[in-house]
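The values are calculated or read from the model by the stated rules, or taken from the named source; none is laboratory data. Just so we're clear, the structure is a prediction, and the values are computed from it rather than from any experiment. Here the Cβ positions follow ideal geometry from the backbone for every residue, glycine too, while neighbour counts run over all protein chains shown.
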């Protein structure tokens, strides 16, 4: 498991009930090339409090670098920012 905590640009959907759903995001790889990832499936969502900072963690599945991968996205409420937190496999 690789922990990245890398800032990303996100396109998400917000339902009438206030739930956020990640749809697609963009990040830079190690070679500083932009990569676009379309979220195929959201497996779970949970709320987290670390050091008093409220965030939501999304366990997702998508094709990344030509492989089907599981990864975790983090939405931080206070800063309204998204991050690619870790890649599972």
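Picking from 25, 13, which residue would you name as being at pLDDT 95 or above and surrounded by 12 or more Cβ atoms within 10 Å (Cβ to Cβ)?
Working: 13 fails: surrounded by 12 or more Cβ atoms within 10 Å (Cβ to Cβ).
Exactly one residue qualifies, and that residue is 25.
Looking across 21, 74, one residue alone is touching a strand residue (DSSP E or B) at 6+ places or on another chain (Cβ under 8 Å), in a strand (DSSP E or B) and touching a residue at least 24 places away in the same chain (Cβ under 8 Å). It is 74.
For the range 44-80, a residue qualifies if it is modelled with pLDDT of 95 or more, closer than 17 Å to residue 25 by Cα and surrounded by fewer than 12 Cβ atoms within 10 Å (Cβ to Cβ), and exactly one does: 80.
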